[in-house]
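Okay, structure first, notes after.
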Amino acid sequence: MAKKKTSPPDTRPIQTGSILDSISKAFLASVDLKDNIERTLDVLATHMGMRRGTITLVDPQTGDIRIQVAHGLTDEEKGRGRYRIGEGITGRVIETGVPAILSNARNHPDFLNRTGSRIESDDFAFVCIPLKIDNEIFGAISIDRPLGKEASVQEDAKVLSFVSLLISQEIKLLKHFDDQNIALRSENEKLKEELTRKYNITNMIGSSAQMQHLYEQISQVAKSNAAVLIRGESGTGKELVANATHYNSDRAEHPFIRINCGAIPESLIESELFGYEKGAFTDASGTKIGKFELANNGTIFLDEIGDLPLKLQVKLLRVLQEKEFERVGGVTTIKINVRIITATNRDLEKEVAEKHFREDLYYRLNVFPIFLPPLRDRKSDIMLLADYFLENFSKENGKKIKRISSLAIDLLSSYHWPGNVRELENCIERAVLICKTDTVQANHLPPSLQRIDTSDPPPESLSLDDLVNNYERELIIDALKKVRGNKSKAAKILQSTERILGYKIEKLDIDFRRFKSQG
């Protein structure tokens, strides 16, 4: 009778410290987690005699458990490694969160050998440890190796527990490598389409002559690689113009990276822009990629460029001229292809004259200047913007506010808007939050907009007749504005007759002639 074939026992001592050190180095060798895991499994094979090792992850859509990374398995065997939660040893570990530590797994009732990688007479030790973060189990790491002493299997479990913790810190972002990458690409495509639609020039709000000129400028420069300098007061929408320029360019498929030069301390701005190497300074425990590298082949938007320190202006000038730089503490020159868009509300010409801003950098950035006019200089756009914000904030807050009263319109139109479009947006948001009817009234606007001659009387101080008359007056005035004072057309809008409307206009003391010059 033939003697049963078994694998020779593993008698090699396990040097735990050496293994953990090698695994740590494997994880530092690359930023690609899948590569790091493959290197880690190689380390386990070399130091622990591991013959097969797998990383299995749960598909959140189907609930299946599938092998994502493997050592010692063919692609065909790896493809067969599918389980349900609770099925087999691995499925049970993922279901319960309890590790499986088996001195000999061949005859274990839960061992399925679904991959078909093990022969029937094969004796082997098997260890399976769950992968989890915050008690959420999303997979497992398992190894098998030739039989050894019970103590050595327990030692294997300790090493594998360390590896599972290491992997779990990052694997959640990359689980289901193939499926997740497909889903991520699909999500990115949807996001890019949304961004392209959102920042399409035709979606920008404003019909004034100044805005028409702005749209023309964006169309002219978007397809080029020219540096753009956006000028304008705070709140005029400089970032919106930068977005529109990028997403209407040939770089729209690539990154658009934003950074506010005035919001980052001077001691940190260089490493934020250009990154740093490990050991560049006390807290530099690893290598960090800067914003310029992240923006490669795309666009970087440097807001508040006037706040950039002089010593960094030199480095930025080199990037513009040579398209290269070194990380902080680094010696390797990094080549990049990045379009630079900048913005400022400062008087850069004055800054240059006072030696606070480099003249050569100014001319390199100012290749195509775009000036954003303040809101007070394009009054005709105020109500377009107000209606746009009203609709958005009404939906956001679950309200059905349909209109802005005539008195409130007068206040919005006559105000000087020192905070520009941003102030108008905040103003309408406040009004929507306060408003309890379908119409924004003058008293819903901030105190800074109020005038004695246009403020609405408190509703509680008015009689029913007064409230009805005020409501009718606002409806009629709105209709007359739309048709430039034409009573016949206004009557059609209000589904009334010209005779009745004329009576109401006279009763409510409305001067319809003043609307003939509007619009």
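Take the residues of segment 27-61 that are part of a helix (DSSP H, G or I) and within 22 Å of Ile94 (Cα to Cα): which is nearest to the chain's Cα centre (by Cα)? I'd like the intermediate steps shown before the answer.
Step one: filter segment 27-61 for residues part of a helix (DSSP H, G or I), giving 27-28, 33-48.
Retained after the next criterion (residues that are within 22 Å of Ile94 (Cα to Cα)): 33-34, 37-38, 40-41, 44.
Numbers: Leu33: 22, Lys34: 24, Ile37: 28, Glu38: 30, Thr40: 32, Leu41: 34, Leu44: 38 Å.
Among those residues, the one meeting the criterion is Leu33.
At pLDDT 85 or above and not in a loop (DSSP other than H, G, I, E, B) - does that describe any residue in segment 466-474? Lay out the reasoning, then the answer.
Kept after step one, since they are at pLDDT 85 or above, are these residues of segment 466-474: none.
Checked segment 466-474: no residue is at pLDDT 85 or above and not in a loop (DSSP other than H, G, I, E, B).
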Qualifying residue in segment 66-78 (condition: of a type in the set (Val, Ile, Thr) and either touching a residue at least 60 places away in the same chain (Cβ under 8 Å) or in contact with a strand residue (DSSP E or B) (Cβ under 8 Å, 6 or more places away or on another chain) (or both)): yes
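State which residue is modelled with the lowest pLDDT when the search covers only segment 134-152 and only residues that are small (Gly, Ala, Ser) and more than 48 Å from the chain's Cα centre (by Cα). Show your work before the answer.
We begin by selecting, within segment 134-152, every residue small (Gly, Ala, Ser); these are 139-140, 142, 148, 151-152.
After this cut, where a residue has to be more than 48 Å from the chain's Cα centre (by Cα) as well, the list is 148, 151.
Numbers: Gly148: 67, Ala151: 63.
The residue in question is Ala151.
Residues being within 18 Å of the chain's Cα centre (by Cα) and touching a residue at least 60 places away in the same chain (Cβ under 8 Å): count how many of those fall in segment 285-337. Walk me through how you get there before you give the answer.
Initially, segment 285-337 is screened for residues within 18 Å of the chain's Cα centre (by Cα), giving 289-296, 298-303.
From what is left, the residues that are touching a residue at least 60 places away in the same chain (Cβ under 8 Å) are 301, 303.
Result for segment 285-337: 2.
If I filter segment 203-220 down to residues being over 25 Å from the mean Cα position of the chain (by Cα) and not in a helix (DSSP H, G or I), which single residue comes out as farthest from Pro374 (Cα to Cα)? Break it down into steps so the answer makes sense when it comes.
First, the residues of segment 203-220 that are over 25 Å from the mean Cα position of the chain (by Cα): 206-217, 219-220.
If we keep only those that are not in a helix (DSSP H, G or I) as well, we get 206-208.
On the way: Gly206: 12, Ser207: 14, Ser208: 12 Å.
Only one residue tops the list, namely Ser207.
Being among the acidic types (Asp, Glu) and under 25 Å from Asp64 (Cα atoms) is the filter; apply it to segment 107-149 and report the residue that is surrounded by the fewest Cβ atoms within 10 Å (Cβ to Cβ). Give the derivation first.
Looking only at segment 107-149, we keep the residues that are among the acidic types (Asp, Glu), and these are 110, 120, 122-123, 134, 136, 144.
Within this subset, residues satisfying the condition of being under 25 Å from Asp64 (Cα atoms) are 110, 134, 136, 144.
Numbers: Asp110: 15, Asp134: 6, Glu136: 11, Asp144: 23.
That would be Asp134.
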Matching residues, segment 392-423, being over 20 Å from Ile205 (Cα atoms) and either among the aromatic types (Phe, Trp, Tyr) or within 24 Å of the chain's Cα centre (by Cα) (or both): Asn397
Only listed residue being out of contact with any strand residue (DSSP E or B) (no Cβ under 6 Å at 6 or more places or on another chain), modelled with pLDDT under 90, of a type in the set (A, V, I, L, M, F, W, C) and closer than 30 Å to Arg376 by Cα, chosen from Ile205, Ile182: Ile205
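Of the residues that sit in segment 253-276 and are assigned to a loop (DSSP other than H, G, I, E, B) and at pLDDT 90 or above, which one is surrounded by the fewest Cβ atoms within 10 Å (Cβ to Cβ)?
Pro255
Is it the case that some residue within segment 363-378 is of a type in the set (Phe, Trp, Tyr), surrounded by 15 or more Cβ atoms within 10 Å (Cβ to Cβ), outside the structural domain of Asn420 (by TED's automatic domain parsing) and in a loop (DSSP other than H, G, I, E, B)?
no
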Residue satisfying all of: in segment 437-465; loosely packed, with under 14 Cβ neighbours inside 10 Å and hydrophobic (A, V, I, L, M, F, W, C); modelled with the lowest pLDDT among these: Ile452
Residue among Ile401, Ile434 that is touching a helix residue (DSSP H, G or I) at 6+ places or on another chain (Cβ under 8 Å), surrounded by fewer than 18 Cβ atoms within 10 Å (Cβ to Cβ) and among the β-branched types (Val, Ile, Thr): Ile434
Residue in segment 108-131 that is touching a Ser or Thr at 6+ places or on another chain (Cβ under 8 Å), at positive phi and not assigned by TED's automatic domain parsing to the domain that holds Ile289 present: no
Search result, residues across segment 87-99 that are farther than 14 Å from Arg114 by Cβ and part of a loop (DSSP other than H, G, I, E, B): Gly97, Val98, Pro99
Condition met for Leu407 (at pLDDT 90 or above and either among the aliphatic types (A, V, I, L, M) or crowded, with 18+ Cβ neighbours inside 10 Å (or both)): no
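The values are calculated or read from the model by the stated rules, or taken from the named source; none is laboratory data. The structure displayed is predicted, hence computed values, not measured ones. Backbone-built Cβ (ideal geometry, glycine too); neighbour counts: all protein chains shown.
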